[in-house]
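The next block holds one structure in the form of structure tokens; read it before the comments.
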Amino acid sequence: MDKIENIGKKDIAWSYAATIFMIGGWVILLPFILNKFSSETVGIWNIFQTISMLVMILDFGFRPTFARNVSYVFSGVSRLQKNGVEHVEESSEVDYSLLKGTLTAMRRFYRWMALGAFALLATLGTLYFLYLMRKYSGDHQDAIIAWVLLIAISCYNLYTLYYDALLLGKGFVKRSQQITVIGQVFYIGIAIGMVYAGCGLTAIVSAQLIATVIRRVLMYRVFFTSQMQQALKEAKEQDAKRILNAIMPNAVKIGLTQLGGFCVTKSAIFMGGAFLTLEQMGCYGITVQVMDVLARCATIYYQSVTPKLAQYRAQNNIGALREHYLHNVAIVLGTFVVVGVAWIYLGDWALGVIHSKTAFVSTSMLIVMLVINWLEQNHASSAGFIMADNRIPFFIPSLVSGAATIVLMWLFMGVLDWGLWGMILAPGIAQLAYQNWKWPMEVIKELWSKRIE
């Protein structure tokens, strides 16, 4: 129990299985949503999804940073650094006093973040929600109940987010994916039952809340075994404040990077609400939902080996890093090509089969979105290989790209009146200007300029 779990083919296979299962469940649920909900309600649902993602930005980069530092701890480091990572031998033992201090730091941080999320959603979030209700002709009571539940699930999810960091940092990839499957079973079952019963938006959010609680309980039991609890009880806790101060600089940089990334990929949902109809937002939103699923499929391999990347950085294993990088590039490209072609030719047919009230964007728009998203996932995972070395050189470019995206969307939709094309092209142009090519090039230069020890 005192080392990072070995991540092998079974872990990666379970990652693919869990993602396929989630997609399958989503495919089962989606016809009910598209058949039972109006385009306006689908638009509200997509905005709710985006708000949930925005709340996660309050994590401000600490979850991946905590996960990476937990991996360092289980690799045997004796101290956490603001930049770089302490190199250790494979036989190094785990410092449980450092792990205990890291746990305390995580709990304190997420407690305050959850309180901040509640304050934000209860004030500014509610004002935005009330603005949307002025344009909404559906069931307002259902939407209000769903909004209150959304606040609850968002705050609880943020408060317990460190469970994800613990499992990922320890290398519990297979178990984490198994828990994901269990949570998805409950989510799909509850959601379908409530949607079929005519519960509207409340059905989706209620199912999310119940499934999240179940997942968190299972995660706690996997990580905090009796042996782990005993080892932590016997350890003398290192100063949590010092640990947080060591983690904070790069965590903040990641948070700023995520904020910029959110502006690039999700700000269209908010800005579109001001320039487009809810029906148009439903069309765009459902396309983005499917695109997000595709992106998850494309990055399964990278997400699965993330704990090992941190370990290889600590051990200075350049050969292993090269191998994983080449595999990742091939998998991301191959997934987008295969799934993208199927989507282009079969997407509209599939919506017709389920009698959907909401359509995808046009074929030309879809092709452009596929290319933009492939470039996005390729450079994001490349940046992850840099981040595994506890270096965050991309936070300023990410912020600049995010700001540029917002400006371009205002120009394209508010001034030039390009409509949906403006929403699609703005982030693509902003990212292509620098980030799409910069970070893949940096990783290639770094890994192939070093001699394998």
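Of all residue pairs spaced 6 or more apart or on separate chains, those with beta-carbon atoms under 9 Å, a first member in region 326-354 that is without any contact (Cβ under 8 Å) to a residue 12 or more places away in the chain and farther than 23 Å from ILE286 by Cβ and a second member that is open to solvent by less than 80 Å² (accessible area, probe 1.4 Å) and in a helix (DSSP H, G or I) are GLY334/ALA298. Would you mind stating whether LEU168 is open to solvent by 10 Å² or more (accessible area, probe 1.4 Å) and in contact with a Ser or Thr (Cβ under 8 Å, 6 or more places away or on another chain)? So LEU168 fits the description; yes.
For region 206-224, the set of residues classified as within 22 Å of TRP45 (Cα to Cα) and of a type in the set (Val, Ile, Thr) consists of ILE210, THR212, VAL213, listed by residue number.
Every residue, every condition in (1) crowded, with 17+ Cβ neighbours inside 10 Å; (2) of a type outside the set (S, T, N, Q); (3) at pLDDT 90 or above, yes or no:
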| residue | (1), (2), (3) |
| --- | --- |
| PHE412 | yes, yes, no |
| MET441 | no, yes, yes |
| TRP448 | no, yes, no |
| GLU453 | no, yes, no |
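Among residues that are on the phi < 0 side of the Ramachandran plot, of a type in the set (Gly, Ala, Ser) and either touching a helix residue (DSSP H, G or I) at 6+ places or on another chain (Cβ under 8 Å) or part of a loop (DSSP other than H, G, I, E, B) (or both), SER364 is not included.
Residues that are assigned to a helix (DSSP H, G or I) and either more than 11 Å from HIS327 (Cβ to Cβ) or free of Cβ contacts under 8 Å to residues at least 40 places away in the same chain (or both) within region 294-310 comprise LEU294, ALA295, ARG296, CYS297, ALA298, ILE300, GLN303, THR306, PRO307, LYS308, LEU309, ALA310, listed in sequence order. TYR72 fulfils the conditions (1) at pLDDT 80 or above; (2) crowded, with 24+ Cβ neighbours inside 10 Å except for a single criterion, (1).
The one condition from (1) among the hydroxyl-bearing types (Ser, Thr, Tyr); (2) modelled with pLDDT of 85 or more; (3) farther than 19 Å from ALA67 by Cα that THR299 does not meet is (3). Of the candidates ALA383, ALA403, ALA342, the single residue that is open to solvent by less than 60 Å² (accessible area, probe 1.4 Å), over 30 Å from VAL305 (Cα atoms) and either assigned to a helix (DSSP H, G or I) or at pLDDT 80 or above (or both) is ALA403. If the condition is being of a type in the set (Phe, Trp, Tyr) and more than 30 Å from LEU103 (Cα to Cα), then region 132-187 contributes TYR136, TRP147. Of the residues making up region 211-236, those that are open to solvent by 20 Å² or more (accessible area, probe 1.4 Å), part of a helix (DSSP H, G or I), of a type in the set (D, E, K, R) and in contact (Cβ under 8 Å) with a residue 12 or more places away in the chain number 2. The residues listed here are LEU99, LEU80; of these, the one that is surrounded by 21 or more Cβ atoms within 10 Å (Cβ to Cβ), assigned to a loop (DSSP other than H, G, I, E, B) and modelled with pLDDT of 70 or more is LEU80.
Consider region 46-69 and keep the residues that are open to solvent by less than 10 Å² (accessible area, probe 1.4 Å) and of a type outside the set (Val, Ile, Thr). The one that is nearest to LEU168 (Cα to Cα) is ALA67.
Working only within region 414-428, note down all residues that are exposed (fewer than 15 other Cβ atoms within 10 Å of the Cβ) and either modelled with pLDDT of 80 or more or of a type outside the set (Gly, Ala, Ser) (or both). Answer for region 414-428, where residues must be exposed (fewer than 15 other Cβ atoms within 10 Å of the Cβ) and either modelled with pLDDT of 80 or more or of a type outside the set (Gly, Ala, Ser) (or both): VAL415, LEU416, ASP417. Taken together, GLN208, GLN178 contain a single residue that is among the polar types (S, T, N, Q), in contact (Cβ under 8 Å) with a residue 12 or more places away in the chain and either under 24 Å from THR306 (Cβ atoms) or surrounded by fewer than 19 Cβ atoms within 10 Å (Cβ to Cβ) (or both), which is GLN178. Looking at (1) out of contact with any Gly (no Cβ under 9 Å at 6 or more places or on another chain); (2) in a helix (DSSP H, G or I); (3) open to solvent by 10 Å² or more (accessible area, probe 1.4 Å); (4) touching a residue at least 40 places away in the same chain (Cβ under 8 Å), which is the only condition SER137 fails? Condition (2) is where SER137 drops out.
The values are calculated or read from the model by the stated rules, or taken from the named source; none is laboratory data. For clarity, every value in this text was computed on a predicted model and none was experimentally measured. With ideal geometry, Cβ positions are generated from the backbone for all residues, glycine too; neighbour counts draw on all protein chains shown. Side chains are part of the model used for accessible areas, which takes the heavy atoms of the whole protein and leaves out ligands, DNA and RNA. Shrake-Rupley method; radii C 1.70, N 1.55, O 1.52, S 1.80 Å.
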